[in-house]
Amino acid sequence: GQIVHLADYRPTDFVLERVDLTFELDPTNTKVESRLIFHRREGVDASVPLVLDGDELTLSGLLLDQREVPASQYDETGESLTVRDLPAETPFELTITTFINPEANTQLMGLYRTNGIYCTQCEAEGFRRISYFPDRPDVLAPYTITIIGDKAANPVMLSNGNFLGGAGYDEGRAFAAWFDPHPKPSYLFALVAGDLGVVEDTFETMSGNEVTLKIYVEHGKEARAAYAMDALKRSMKWDEERFGREYDLNIFQIVAVSDFNMGAMENKGLNVFNDKYVLADPETATDQDYANIEAIIAHEYFHNWTGNRITCRDWFQLCLKEGLTVYRDHEFSADMRSRAVKRIAEVRHLKSEQFPDDAGPLAHPVRPTKYREINNFYTTTVYEKGSEVTRMIATLLGADHFKSGMDLYFERHDGQAVTVEDFVKCFEDATGRDLTQFSLWYHQAGTPLVTASGSYDQTNATFTLSLEQMIPATPAQPNKEPMHIPLSFALISDTGSIAAPAEVKGGEVTGDVLHLTTRNQIFTFSGISSRPVLSLNRSFSAPINLHFDQAPADLAHIARHDTDLFARWQALTDLAIGNLTQAARDVREGKAVTCDPVLTSALLEAAGDETLEPAFRAQALTLPSEADIARELGSNNDPDAIHAARQAVLTAIAKAGEETFLHLIGEMAISGPYLPDAASAGKRSLRNIALSYLTYAEETPARLAAAFADADNMTDMAQALTLLAHRFPDKAETSDALATFQARFDNNALVIDKWFSIQAMIPGAGALARIKALMDHPRFVANNPNRVRSLIGAFAFSNPTGFNRPDGEAYRFLAEQILAIDPKNPQLAARILTSMRSWRSLEPQRADHAHAALMTIERAPGLSADVRDIVERMLK
Ligand code: B3K
Ligand code: ZN
């Protein structure tokens, strides 16, 4: 792959007016006839040829205005079709006929087959695998689609837009025609055909249009689409109420497929989903599955405005649609569930997934300026940090001004392909605020480090806060400018009330937000009559690392009194992380691990506080993960020491809190049928975390085996099985439970994925042998992305001790797997390889082994552009 630079962007030479596609479906030889109407852009010289993108296409016909184009007038390479001598002034019609092989398409990009269903994935550059086309997001046109196929095999034939008509005709064939009036880029094209079951409903939009809603699933799975349908209707309503956005076609369809490279895809009017994010019932789905379905259904639906109606000018602008749409789905889930608990989950995810990206060799800005393989830029930086940047705009401007900016964006850019600058300008124009410095968040990679120190002056009743910001060097960005960092704060008095300062000097303050804009900045709060405890970066107002040396007692004070629940959780986490990192150092030095009683009592106090919602209390009890501890330690990491340290701290808390945990298990029991709502899920999570603590203090699996047997829903069952397997991997109770689970859900691949993952994450030296054995299991399908992710992905990403075994055997195993997956599915291979992104922060022996495994990959012949890009950046 060539490096693509943002600076090289220029508009196309030809303007595409209309697209008319006819598909004659055949599993191995599908014919695609594409009629494209173009005109030469004003000012473009008549000698300039038209260059179209293509990939693995067999060209069988090329007509210009219905006349065959002579071979001398065009050139075909593996990647492009160039047509010369095209009309200078008048529009012209190009008719391109290509043949493609959906059955052989293992990359799952373009048109492919999954379980006998035809299905497409075109983002980012998959449409060029269907037909020669200007396959870039700034080429927008209305599409007419005709699908012709075997009638018996394809009772369902779908594409974007509104249904025009269809019928059966001769020789067992049928056709269906669709028209999408909304101009769209090719990456939003979709086609689905096959034999599927359907669930139907309707939605009445705010201006009274009735929209038909259909969710297509494999026959027999219809009942499991009910929750997705409910989530869709709630999403449609919420987008009207919160953002004033109404749906714009008379039908909205979702198709669930079982082979899919990612979560889902927002094709106009025809979203295609990984069935993992559609199908749910109490017997087979966990609370987390339900929450994911709700969030992803919403996310893809919200793209209809943020992504589809207003799309990206080029792929460098990916965060324009992804960061913004993640922000919107976060707000939706916050409104549907508990805002504080949702925020905690977001921040946990951001820190565990995005912070390591930003701190390692793959770090890149939210709005990158160059790429070699765009598929490798669908990252947590573009998505989650992109969402945080949007969230900071809302924090800086306030809710009303943020809304004016969004309204202006929708009004000004509807129907266009735009840039991040266009987006930011809407907020500037709507509010008069200059966001130049703020925009550095889009351009500078790396997680800013803010160091804070406070001092109280009794005589003058002032509190002084010194802040310093530093943005670490990242690939190609050695030096950084100071950024505009919004820090929500509260001064908590010794009695626990929030103190209102008479005056704040040293910089801009809006509401409870300090604006940190220079490298060093000192804020002085006056009229503070007693020593306050400062709570900083409440709600995680900025995605930063904060170094603020606060005494455990002060953190406990925040944990007890802050009115911002998120900040209370954060204080507990800060308290815990200090303890856990010290414990890891102690294990490393052969010292005994201690658990600070301040931590234990703060945790147990939160756990038992009945004024707090159970879901929050469960979050409070969930200690930072081993990966969190590794990140905090930063370098020279020994995953075994970290694991042992965390286990020791857990055990200490378990012993101290036995009574609390036993009490919670009784208190949080739910009688009656399973309901997936947030309140019930919160009770289950508190009960299950209490259960897990109890097991740390116990030597036998009896309690867990009973919990497994008693479970009447997948949340409790999967949790009991996880605890059994991770805590007692070699006991008969565990193998019995694993066998029972496997037998019971043998015909449900999504549940078997959980079974694979639970075993893949069993810590310790036995992990690799277990993975290898499971790869031979009849239910493991090496070509199915969900299976691969739940076994190999879960092992590499989420089993720190098993994967990072000191002899490096697992790194070599992963390298082999990457090289085996790559020729079939480069995107999947590249994604799983990113699990090694933090290899440099390992202790030297492991780091050497990791390095050697990466070198093996780098030297292998015939690497895909995807894997080559990742491995080279990781080794730089
Ligand atoms: N836009 C898609 C992701 C496409 C990934 C292409 N490699 C799903 C989403 O973000 O909604
Ligand atoms: Zn998205």
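A short reminder: the numbers here are calculations on the coordinates, not readings from a lab. Nothing here was measured: the structure is a model prediction, and the numbers come from that model. Glycine gets a Cβ as well: all are built from the backbone with ideal geometry, and neighbour counts include every protein chain shown.
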Legend entry - Calculated P(r) tail over 22 Å for segment 442-593, as whole % of Cα pairs: 45 percent
Inset, instruction - Output the direction-averaged projected area (hull surface divided by four) of the convex hull of the alpha-carbon atoms of segment 725-853, in nm². - result: 7.7 nm²
Legend entry - Nearest-20 debye value, segment 745-876 charge dipole, Cβ charges on Lys, Arg, Asp, Glu: 180 debye
Inset, instruction - Subtract the Cα-Cα distance of GLU171 and VAL44 from 0.36 nm times their separation in residues, and report this length gain in nm to one decimal. - result: 40.9 nm
Inset, instruction - Using a 10 Å cut-off on Cβ atoms, rank the peptides 252-260, 673-681, 287-295 from the highest mean neighbour count down. - result: 252-260, 287-295, 673-681
Inset, instruction - Quote the relative contact order of segment 713-862 in percent (integer), defining contacts as alpha-carbon pairs under 8 Å separated by 6+ residues. - result: 17 percent
Legend entry - Packing-based ranking, highest mean first, of 406-412, 109-115 given that Cβ atoms within 10 Å are counted: 109-115, 406-412
Inset, instruction - Putting +1 on Lys and Arg Cβ atoms and -1 on Asp and Glu Cβ atoms, find which of LEU819, GLY527, ASN688 reaches farthest to the positive end of the dipole of the chain. - result: GLY527
Legend entry - Convex hull volume per residue in cubic angstrom - Cα atoms of segment 312-443: 110 Å³
Inset, instruction - In debye, nearest 20, what is the charge dipole magnitude of segment 89-201 about its Cα centre with +1 on Lys and Arg Cβ and -1 on Asp and Glu Cβ, if you could check? - result: 180 debye
Legend entry - Signed unit charges on C-beta, dipole axis of the chain, positive-most listed residue TRP569, GLY54, ALA669: TRP569
Inset, instruction - Set Lys and Arg Cβ to +1 and Asp and Glu Cβ to -1, take the dipole of the chain about its Cα centre, and tell me which of HIS726, PRO183, LEU196 lies farthest positive. - result: HIS726
Legend entry - In segment 83-125, the GluC sites (Glu not before Pro) that fall in loop regions by DSSP, at most 12 other Cβ within 10 Å: GLU89
Legend entry - Globularity ratio of the chain, using Cα Rg and 2.2 N^0.38 Å: 0.97
Inset, instruction - Sequence neighbours fewer than 8 away in the same chain don't count; with that in mind, list the aspartates and glutamates whose C-alpha is under 19 Å from LYS480. - result: ASP357, ASP358, GLU468
Inset, instruction - Can you tell me which of 54-62, 781-789 comes out highest on packing, and rank the rest after it, using the mean Cβ neighbours within 10 Å? - result: 781-789, 54-62
Legend entry - Computed lengthening from LEU875 to ALA679, 0.36 nm per intervening residue step minus Cα-Cα distance: 66.0 nm
Legend entry - Acute angle (nearest 10 degrees) that the helix 749-760 long axis makes with the longest principal axis of the chain, alpha-carbon atoms: 40 degrees
Legend entry - Low-density loop positions, GluC sites (Glu not before Pro), segment 643-728 - DSSP coil, at most 10 other Cβ in 10 Å: GLU699
Legend entry - Per-residue ³J(HN,Hα) for segment 574-583, Karplus 6.51 cos²θ - 1.76 cosθ + 1.60, θ = phi - 60°, Hz, x for Gly and Pro: 4, 4, 5, 5, x, 5, 5, 5, 4, 4
Inset, instruction - For the chain, give the magnitude of the charge dipole about the Cα centre (Cβ charges: +1 Lys/Arg, -1 Asp/Glu; no others), in debye to the nearest 20. - result: 1420 debye
Inset, instruction - Using the Karplus curve 6.51 cos²θ - 1.76 cosθ + 1.60 with θ = phi - 60°, work out ³J(HN,Hα) for each residue of segment 313-318 in order, rounded to whole Hz, and write x for Gly and Pro. - result: 5, 8, 6, 5, 8, 3
Legend entry - Mean Cα-pair separation over length for segment 550-697, i.e. relative contact order, pairs under 8 Å, 6 or more apart, %: 25 percent
Inset, instruction - Counting residues in segment 788-876 as N, plug N into 2.2 N^0.38 Å and put the Cα Rg over that result. - result: 0.97
Inset, instruction - May I ask what percent, to the nearest 5, of DSSP beta bridges between residues of the chain are antiparallel? - result: 80 percent
Inset, instruction - Could you calculate the FRET efficiency of ARG412 with ASN479 from 1/(1 + (r/R0)^6), where r is the beta carbon distance between them and R0 is 41 Å, rounded to 0.05? - result: 0.75
Inset, instruction - Per residue of segment 221-236, in order, report the coupling 6.51 cos²θ - 1.76 cosθ + 1.60 (Karplus, θ = phi - 60°) as ³J(HN,Hα) in whole Hz, putting x for Gly and Pro. - result: 9, 4, 4, 7, 9, 5, 5, 4, 4, 4, 4, 5, 5, 5, 5, 5
Legend entry - Percent RCO, i.e. relative contact order, over segment 1-78, from Cα pairs under 8 Å lying at least 6 residues apart: 23 percent
